[in-house]
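Following: one structure in structure tokens, then a few remarks.
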Amino acid sequence: MVIDKIIGTAKKEGRPYLTELESKQILKEAGINTTEVKLARTKEEAISLSKEIGFPVVLKIVSPDVLHKSDAGGVKLSLKNEKDVGKAFDEIISSIKKHEPTANIQGVSVQHMARPGTEVIIGMSKDPQFGPVLMFGLGGILVEVLKDVSFRIVPLTRRDAREMIREIKGYPILEGYRGQDPANIEVLEETLLKVSDFVENRPEIKELDINPIFAYRDGALAVDARVILEP
Amino acid sequence: MKDITEKLDRAFNPRSVAVVGDKMEMGYMWLRGLANFHGRVYSVQIDENELPGIEALGVKNYFSLLDIPDDVDYVIVAVPRGAAPKIVNDCIQKRVGGVMLFTSGFAETNTEEGIRLQGIITEMAREADLNLIGPNCVGIFNPKIGLRNALDQYSGDGGNVGFISQSGTHATFFSLVGEVNGIRVSKSVSYGNAVVLDSADYLEYLGEDEDTKIIGLYIEGVKKGRQFFSSLREIAKRKPVLIWKGGETAEGTRATASHTASLAESPLIWDALIRQCGAIKVDSLDETIDVIKALLYAKPATGARVGLCAMTGGQSVVITDAFAKEGLEVPLLTDRSYREFATFFNTIGSSYRNPLDISSNLRSTDNIIRCIDILSEDEMIDTVVLELSMVFLTRLSWLIPNLFDSLIDALTLYKARSNKPFITILIPAHAESETIEARKILVQRDIPSFPSFERGAKALKKVVEYYRHQNL
């Protein structure tokens, strides 16, 4: 299976952190809707992949050594044409070389720029006593500043998924506050259940972060993801 | 989970008990505690100086557990920690049903010697599959057979509430405070450092125990976390389970480490776990008692709407705030109810919107009962709450002798005929001794009472949440 192969490769290379590309492949295997990501090793490849995927696109650095991609100048959003993509590719590579001179650069990932939705996050971490625990919250400032999140211990029942979404204080935002588009709650519940199922059967995963997921009226899309393996 | 019943049956329902190391210095508390035990009691003590004291209690002493010419189901060990490995080894040889180590001074001291000794007894017990309870605990209380862990505990009639406690004090306090509140223990266990048997094992045992209808737990930390989670999830579907978690703050965690060598655990995860399993979270002994009392003595409260009946105007305001602050609803009544009140209710100095202030109507037991009957029959109301203030009832008793007694009789009849949950708030104010007497009478009549509006409101809220979770 793809997952075994990805985990096997990372283990062989002695790195606990999976790249965004690998993390998203894993999510896809787990049945979670994610943006299609392709790896470009050269500028030319990045341009042709962008045309294939369709503009606007996002370019991100792919390197197991760069953990905070944005901080290192490794992310370029809203690239509308070939010229933008070419320029962004060069800028990313030179910025990473400057910020993280020793980083092993595998290339640059190309993905379609997802249409904006309500940002939510789903995370899994392991509690020393109770094992895998899922976290749910609204993305961005609400999770970082207000810690408006809920927890459940794996495995989740449908009821757990339903309750942990409704438990956060920001829930009215998901229902569509003041004319904002509502989120499809059922799809978010499904996503939580899929993550629960997946991590229950994959003890080799230590941490998983899907941040953000864009929640739409008609679905949900994992836009960024990070997986950390057990040592 | 049936296996756990078989595994722990001899320990919880022993027919013979041996006490190792009881002595004068401890007032022979363990042997004296077994005075009403329905079975055979033996002492094991090697100190010749202690023998007259032990014999004076009418207990036969042996120099070794292995010398006792009888099966031993349960062993109470109160020896110094250095002797613990030898006694544990004797228990294994003797094939006892369970052993409780009152002995402390193990990992909770965070000393090399304590950790080393704990390691030795743990390994021995695990290898031999010995039911080791503790160490650093007071073990099992089974009142029905007179197995006690404190001298002031009752024996004889057992109750229907099980209690599992990492602390000996909380286990014994639960039994004692519970008793005066009408809550009797079926079986309880204090289990200290939990080196072999952990909360999950006891929870499974009481989950299967037919005498136990409600289970309370005081926990500082779990060792078998996954087992605890899955057992709690299953058992809480069948029986109400209350969890009181000690060490919820960073400072408290420091205390749990030196008390029972428990590790820090995230309060957020505990909250999630308790909610996820449909258990009830409580934060103190008082709250544990309050919620169990409401579960035992009020009809199942599934709705959040309360009809409040206070004895004076000022109390009618604060009782309303207390219940509303807990998220309970205090709705207006139906027109039908208001029309009925209008036929008899003295509104000079009183009012009946909801809350009710019945100060001017207190002199007639019939009128008090009429008020709560109307609340019971009102479709807007789920639970009826009545304030009983000994201050006012005592003042009025000069005017109307036997007012309290006739009110209690009438409330007993009311409770029997009403189909709605009913609780009372018995506020002591300065009339503390009168209130204690009144509570005793209410307990005898199975009428639940709470010592403040806030405690009554909180208990009711927890119970409503519990039944809602069960019914969803």
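Please give the FRET efficiency for A:T42 paired with A:S125, using the beta carbon to beta carbon distance and R0 = 45 Å, rounded to the nearest 0.05. Efficiency at R0 = 45 Å is approximately 0.75.
For region B:127-217, applying the loop criterion from DSSP together with a ceiling of 11 other beta carbons within 10 Å to the GluC sites (Glu not before Pro) yields B:E210.
Quick one: Kirkwood hydrodynamic radius for the protein assembly as shown, alpha-carbon pairs, angstrom, one decimal? Averaging 1/r across every pair of different Cα atoms and inverting gives 29.7 Å.
Exposure proxy shown here: for B:M390, B:M26, A:M113, the number of other Cβ atoms within 10 Å sets the order, fewest to most, as B:M26, A:M113, B:M390. Take the cross-link list A:K60/A:K97; A:K126/B:K239; B:K7/B:K281; B:K187/B:K458; B:K224/B:K462; A:K147/B:K224 and give me the ones stretching past 24 Å between alpha-carbons. Table pairs above 24 Å Cα-Cα are A:K126/B:K239; B:K7/B:K281; B:K187/B:K458; B:K224/B:K462; A:K147/B:K224. Under 15 Å from a point 7 Å along the Cα-to-Cβ line of A:Y171: which residues of region A:119-149 have their amide N that close? Backbone N within reach: A:136-138, A:148-149. Share of antiparallel DSSP beta bridges in chain B, in percent to the nearest 5? Percentage antiparallel, nearest 5: 10. For A:K24, a cut-off of 12 angstrom between C-alpha atoms picks up these aspartates and glutamates, skipping any fewer than 8 places away in its own chain: A:E36, A:D209, A:D224. Counting every C-alpha pair in region A:36-113, the share spaced more than 17 angstrom apart comes to 33%.
The aspartates and glutamates whose alpha-carbon is closer than 13 Å to the alpha-carbon of B:K299, local same-chain residues fewer than 8 away aside, are B:D382, B:D446. Between B:E379 and B:E127, the contour length at 0.36 nm per residue exceeds the Cα-Cα span by 84.6 nm. Phi angles across region A:100-109 convert, under the Karplus curve 6.51 cos²θ - 1.76 cosθ + 1.60 with θ = phi - 60°, into 3J(HN,Hα) values of 10, x, 8, 5, 7, 9, 7, x, 10, 8 Hz, Gly and Pro given as x. When the square roots of the Cα gyration tensor eigenvalues are ordered a ≥ b ≥ c, the ratio a/c for region B:398-472 is 1.5 or more and a/b does not exceed b/c, which makes its shape oblate. The ranking of B:R254, A:R115 from fewest to most other beta carbons within 10 Å of each one's beta carbon is A:R115, B:R254. In chain B, helical runs assigned H by DSSP with n ≥ 4 each contribute -39500 (n - 2.57); averaged across all residues and rounded to the nearest 500, the mean residue ellipticity at 222 nm is -13500 deg cm²/dmol. Annotation for B:N402 and B:E329: the two label points, set 7 Å from Cα along the Cα-Cβ direction, are 4.2 nm apart.
Its residue count N sets the reference 2.2 N^0.38 Å, and the alpha-carbon radius of gyration of region A:136-231 equals 1.09 times that reference. Here is the list for region B:1-95: chymotrypsin sites (Phe, Trp or Tyr not before Pro) lying in DSSP coil, each with at most 16 other C-beta atoms within 10 angstrom of its C-beta, are B:F63. When both bridge partners sit in the protein assembly as shown, DSSP labels roughly 50% of those beta bridges antiparallel. Length available on full extension from B:L268 to B:E251: 0.36 nm per residue minus the Cα-Cα distance, which gives 4.5 nm. Taking all pairs of different Cα atoms in region B:2-294, averaging 1/r and flipping that mean, what Kirkwood radius in angstroms comes out? It works out to 19.1 Å. When all alpha carbon pairs of region B:285-343 are counted in 5 Å bins from zero, the resulting P(r) reads 4, 14, 16, 22, 23, 13, 4, 3, 1 %. With q set to 0.18 Å⁻¹, the log10 of I(q)/I(0) for chain A, from the Debye formula over equal scatterers at the Cα positions, is -1.36. Put the Cα centre of region B:303-373 next to the Cα centre of region B:393-472 and the gap is 15 Å. Taking A:P56, A:P128, A:P172 in turn, the Gaussian network model of chain A (Cα-Cα springs below 10 Å) assigns the largest fluctuation to A:P128. Largest mean-square fluctuation among A:Q180, A:Q111, A:Q25, in a Gaussian network model of chain A whose springs join Cα atoms under 10 Å apart, belongs to A:Q180. Once the Cβ-Cβ distance of B:H38 and B:I441 is raised to the sixth power relative to R0 = 45 Å, the FRET efficiency obtained is 0.90. Using the Cβ-Cβ distance between A:D197 and B:Q93 with R0 set to 56 Å, the FRET efficiency works out to roughly 0.70. Here the simple spin-label model places points 7 Å from the Cα toward Cβ, and for B:D70 and B:N419 these points are separated by 5.5 nm. Fully extended, how many nm does the chain gain between A:H99 and A:K206 (0.36 nm per residue separation, minus their Cα-Cα distance)? Here the answer is 35.8 nm. Taking the number of Cβ atoms within 10 Å of each Cβ as an exposure proxy, the fewest-first ranking of B:Y414, B:Y466 is B:Y414, B:Y466.
Bear in mind these aren't lab numbers, they're just calculated from the coordinates by the rules spelled out. Since we're looking at a predicted model, the values are computed, not measured. Note that we place each Cβ from the backbone using ideal geometry, even for glycine, and neighbour counts take in every protein chain shown.
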